[in-house]
Every structure is written in structure tokens, then in C-alpha cells.
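Report on the following structure.
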Amino acid sequence: MAFDNTNLVPLLVSLSQTCTTMRELRRIHARVLRHNLQLNNLIIAKMLRFAAVSPSGDLHYAHNLFSHMHQPNTFFYNTLIRGHAKNSQTLSQSVSIFKQMRVSSVPPDEFTFTFLLKARAQMPVNLGSPSQGEEIHGHVLKFGFCCHIYVQNALIHLYAARGVSGNARKVFDEMRAPDVVSWSGLVVAHVKAREMDNARWVFDQMPERDVVSWTVVISGYARVGRSTEALELFWEMQAERVQPDEVTMVSVISACTSIRDLEAGLSVHRYIKESRFAWMVSLCNALIDMYSKCGCMEKAWEVFDGMPRKSLISWNSMISACAMHGTAEEALGLFQAMTRGVGVRPDGVTFLAAMSACAHKGLVEEGRRLLESMEKDYKIEVGVEHYGCMVDMLGRAGQLEEAYELIMQMPVPSNDMVWGALLGACRIHGDVNMGERVVEKLLELKPDEGGYYVLLCNIYETAGRREEAMDMRRTMRDRGAKKTPGCSWLGT
């Protein structure tokens, strides 16, 4: 059936609106070109919107459509900016398109700034300007959009993402009628700036609080180590009959983990079961970690075994839990079941957890096999943390020379953690000569770290070489070195 252009335009508009794939869009575009309709803004607008904004679209194709337009208006620029604001890989291009828009003397509107601010809020700080968004704020004021609530909320969100709570507050105070998004944005700004008392004050003043508001404050308390307050606020949330979401519950479990409160953890777990959240993989993973760190491996196993679906993180969490509790056989059994039974491909975290289990039990040969298997069987890059774990393992087993050679032959740069693990082994085994060699390497990396001097002093004193220990303490004093807390590759 033949169509004249009058009948064809509504058809192509309809097809563009219901298009679901780029293949369909290309066919529509071909008909547009064949019938010389490329100047019809309505059809091109529908096509551009799909290519730029749809999850099935193609931003490169959208740019191609845009580049062939004679005089694109504000809507077309906005569509491209919006497309890049939705794409984490091309966020910075939204700013470039805005600059092009200004050069072309195309006036922006409130949607321009809403999309542009959304993109800028998601950019890493080093990709933004030093003023962190103030230049866009200046354009908002210049073009008179400072009273549009969507633009104001986008500004608050930008400053909140940067943790610039003072600027977020100024925007908020200028609003005639802030909504729940405005209030939540201000709470986020204070939380991001780690100003939890201010965040709580704003939260308490909110005329309406949704699950996002509650979750932001709960997770903020958990992040800054005020876990008791996070849990208190969660139970208050339940008293208010506000239904939490997955993010809320992960933060609550994290709070229980942080303070090792098994009783609270059990209560939260009961709530999860009653609320039918127990199927969520992320919550089960968090529960496994919580129970293991609270010393309740029986419950950790109960959660793991009851999971209908397990992710890589689930397996890693359970292997790490077994390693932490010294049950190397169970950790390695899980590793075997994971890689051979259910066919889940391990990653670097899996291998580190399994190697840590070997280190706890002195299973040096098994640890070696795991290290070799990473690259040979799974093509996983061996990191400095894996070599550090192996050095710790060899050191605990008294194989100090081999541990030293491993560090010297590592294909990745060594660090003070790796050498520190070997120095700790020298103290355990009283090896003065190796201790001196290791400290020499450590002082090249961190000459002001007093902990290395102290460890070598202890090694000297254990060996009955008190004069050398005193000399080492004088050297430490003369160089102004200070001892800082250390940590272990094994997390225990």
C-alpha cells in the first residue's frame, strides 16, 4: 500500500513511539530518508529520544541524527544531555553539549539544567570543575530558573553528592515550598559531609519522611561508626510503620556487625524472615558476614545453606568466615564445591580467602597450589595482597628465606605490608639476620615508621642482644620515627 507524505508522517511518528530496538529504528530512519522527511522535527524528535534515552538505544546513533539537523532547538539539545546523564561512561559529554548549546545561542530551559545537574552530580570530583558545580549554579541564576523546584532539587542533589552541605542549605533556604525530595537531599548533604548531628536535626524537622530519608540517616550512622544510633533509629522506623527496603536492611545488618551485637543481629534476622526479605541475596551475604564476625558460625552456615540462590559474594563470604574461624578444611571444601560442584568462577577475593585459611592452619603446599592456580587455571591477575598472604604463610611456617625470595621475585611492586608480614615472622622465629635485612627494605619504603624499629628491637632483645636493641631505639628517637598501628593480611 502506497502512502503520500501526509499519511506517512503520523505512521512514522507512531512507529518511532512504539519502537523497541535499534534495528527497528534504523528501518524507520531509512523510510524517513527515502521520503525526504528528515526535516520533520516531530519524527526526528521521537527517533532521537529513543536512540539517546532508551536502554536499548545507541548514543552514537543519536549524535549522528543530531548532527544532520539544520537548526536543533532546546528540546533536541536536552534529549542528548539527558541521554548522557543516564550513561555513566559518557557523563562529561553532557557538559560539552551544553557548551555547544550556548555557542549556538540556543536558550536552555529548566529541563536543560535538571539533566545537566544530574550528570554533574554523578561525575567524579576530578572530572568536575574546581568550583564543583557553582558555574552551573551561576547559569541557573542567570537564566532565571532558580525558582523551579526540579532545578532547585537537582542543585541540592549536586551539592549533596559533593558533600558541600553549606551550599545545599543555601539552595534549600531559598525554596518557597520544599518537598520530600528537597528535605531528603539536604539530609544526604549533611550525611555525605559526615555531619550526622545536623543530618538528624534536619531529619527530625521533616514534615514528611519516606523510606529514602530513614535509610539515608540509618546508613549514615552506620558509616561513621555510630551503630547503636543506627539500630535505635531502625526500631523507631518500625514503630512509625515505615517499610524498609533492601538498602535499609543492609545498613542495619552492617551496624550489628560493627558493634558485634549478636542479640541485635538475631532480632534483625527475625524481622527479615517475618518481612519476607530472606530471599534477597545481598541481605543473606550481609547476615553471613555479621554472624561470622559475631562468632556464631552455626547461624552463618544456616543462612548460607538456606539460600536458594548464591552469588559469588555469598561463596566468598562463607569461605572468608571459615578462614577467620580457623576451619581451613571447611573453607577449602567450599572452594572445591564452588569451582567444581556448582561451577561458580572464583575471583581474586575467593583465592585470598582460601589462602588465608591455609595460612591459619599452616597448609603451605595447598597455599602454593592456590597461588599457582590463579593465573594458570583461571587467568586471574595475582595481586600484592595474594603475595603478602603467601609471605605470611611461609613466615608462620618458618620458611623465612623462601618468603624473602618470593618478595624479591614478585612481578608486582612490593609494599610495606608484605615486608611487615615477613618482619613479624622474624620476631616469631627470632631470626635476627633476616630481621635486619627486612627492616632495611622497610625503611626504604617508610623511613618514619617507628613500628619497624620496635619490632627489630624486640628481636634483638629476644636474642639477648640488648646493646643493639638500645642502639636501635636511639636511632628511632634521632630520626623522629613514631609507631603507628599495624594490620594483618589475614584480618585477625
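The values are calculated or read from the model by the stated rules, or taken from the named source; none is laboratory data. What you see is a predicted model; the values in this text were computed from it and never measured. For neighbour counting, all protein chains shown are included, and Cβ atoms are generated from backbone atoms with ideal geometry for every residue, glycine included. Only protein heavy atoms, including side chains, enter the accessible area calculation; ligands, DNA and RNA are left aside. Shrake-Rupley method; radii C 1.70, N 1.55, O 1.52, S 1.80 Å.
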Checklist entry - Pairs, please: C-beta under 7 Å, at least 6 apart or cross-chain, first residue within 19 Å of Arg340 (Cβ to Cβ) and in segment 303-317, second not in a helix (DSSP H, G or I)? => result Leu312/Val344; Leu312/Asp347; Ser314/Met307; Trp315/Val344
Checklist entry - Which residues, counting only those in segment 52-86, are modelled with pLDDT of 90 or more and hydrophobic (A, V, I, L, M, F, W, C)? => result Ala52, Val53, Leu59, Ala62, Leu65, Phe66, Phe75, Phe76, Leu80, Ile81, Ala85
Checklist entry - So which residues in segment 19-67 are in a loop (DSSP other than H, G, I, E, B), open to solvent by 30 Å² or more (accessible area, probe 1.4 Å) and within 19 Å of Leu8 (Cβ to Cβ), if there are any at all? => result His35, Asn36, Gln38, Leu39, Asn40
Item to check | Scan of segment 360-410 for residues that are hydroxyl-bearing (Ser, Thr, Tyr) and closer than 23 Å to Arg427 by Cβ, ordered by number | outcome: Tyr387, Tyr404
Checklist entry - Can you tell me which residue in segment 467-492 is modelled with the highest pLDDT, limited to those that are open to solvent by 80 Å² or more (accessible area, probe 1.4 Å) and under 28 Å from Val391 (Cα atoms)? => result Arg473
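Could you say which residue among Asn153, Asn167 is farther than 22 Å from Met237 by Cβ, in contact with a Ser or Thr (Cβ under 6 Å, 6 or more places away or on another chain), among the polar types (S, T, N, Q) and in contact (Cβ under 8 Å) with a residue 24 or more places away in the chain? Quick ask: steps written out before the conclusion?
On the way: Asn167 fails: in contact with a Ser or Thr (Cβ under 6 Å, 6 or more places away or on another chain).
Exactly one of Asn153, Asn167 is farther than 22 Å from Met237 by Cβ, in contact with a Ser or Thr (Cβ under 6 Å, 6 or more places away or on another chain), among the polar types (S, T, N, Q) and in contact (Cβ under 8 Å) with a residue 24 or more places away in the chain, namely Asn153.
Output the residues belonging to segment 166-180 that are touching a Phe, Trp or Tyr at 6+ places or on another chain (Cβ under 9 Å), part of a helix (DSSP H, G or I) and surrounded by fewer than 22 Cβ atoms within 10 Å (Cβ to Cβ).
Pass one, segment 166-180, residues touching a Phe, Trp or Tyr at 6+ places or on another chain (Cβ under 9 Å): 166-172, 178.
Next, only the ones that are part of a helix (DSSP H, G or I) stay: 166-172.
Residues satisfying the conditions are Gly166, Asn167, Arg169, Lys170, Phe172.
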Item to check | Subset tally (residues that are among the aliphatic types (A, V, I, L, M), assigned to a loop (DSSP other than H, G, I, E, B) and either within 25 Å of the chain's Cα centre (by Cα) or surrounded by 19 or more Cβ atoms within 10 Å (Cβ to Cβ) (or both)) for segment 184-215 | outcome: 1
Item to check | Pick from segment 87-100, criterion more than 14 Å from His60 (Cα to Cα) and modelled with pLDDT of 90 or more, ranking: least open to solvent (accessible area, probe 1.4 Å) | outcome: Phe98
Next on the checklist: Restricting to segment 414-445, name every residue that is of a type in the set (Val, Ile, Thr) and closer than 16 Å to Met472 by Cβ.
Outcome noted: Val432, Val438, Val439
Checklist entry - Taking segment 382-410 as the search range and keeping residues that are small (Gly, Ala, Ser) and under 34 Å from the mean Cα position of the chain (by Cα), which one is surrounded by the fewest Cβ atoms within 10 Å (Cβ to Cβ)? => result Gly383
Checklist outcome for this item: Selection over segment 435-466 where residues are among the hydrophobic types (A, V, I, L, M, F, W, C) and surrounded by fewer than 19 Cβ atoms within 10 Å (Cβ to Cβ) yields a count of 3
Next on the checklist: Show the residue pairs meeting these rules: Cβ distance below 9 Å; 6+ apart or different chains; first residue within segment 454-479 and free of Cβ contacts under 8 Å to residues at least 40 places away in the same chain; second residue in a helix (DSSP H, G or I) and among the basic types (Lys, Arg).
Outcome noted: Val454/Arg473; Leu455/Arg427; Leu456/Arg427; Cys457/Arg473; Asn458/Arg427; Ile459/Arg427; Tyr460/Arg466; Thr462/Arg427
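Quick test for you: out of Val187, Val171, Val191, Val180, pick the one residue that is touching an Asp or Glu at 6+ places or on another chain (Cβ under 7 Å), of a type in the set (A, V, I, L, M, F, W, C) and within 29 Å of Gly138 (Cβ to Cβ). If you could, list the steps in order and put the result at the bottom.
Working: Val187 fails: touching an Asp or Glu at 6+ places or on another chain (Cβ under 7 Å); Val171 fails: touching an Asp or Glu at 6+ places or on another chain (Cβ under 7 Å); Val191 fails: touching an Asp or Glu at 6+ places or on another chain (Cβ under 7 Å).
The match here is Val180.
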Checklist entry - What are the pairs, 6+ residues apart or on separate chains, where a residue within segment 223-236 that is assigned to a helix (DSSP H, G or I) has its Cβ under 6 Å from a residue that is of a type in the set (Phe, Trp, Tyr)? => result Glu229/Tyr221; Ala230/Tyr221
Checklist entry - Here are some conditions: (1) more than 26 Å from Ile380 (Cβ to Cβ); (2) open to solvent by 40 Å² or more (accessible area, probe 1.4 Å); (3) at pLDDT 95 or above. His269 meets all but one. Which one does it not meet? => result (2)
Checklist entry - Residues in segment 415-434: is at least one surrounded by fewer than 17 Cβ atoms within 10 Å (Cβ to Cβ) and more than 30 Å from Asp448 (Cβ to Cβ)? => result no
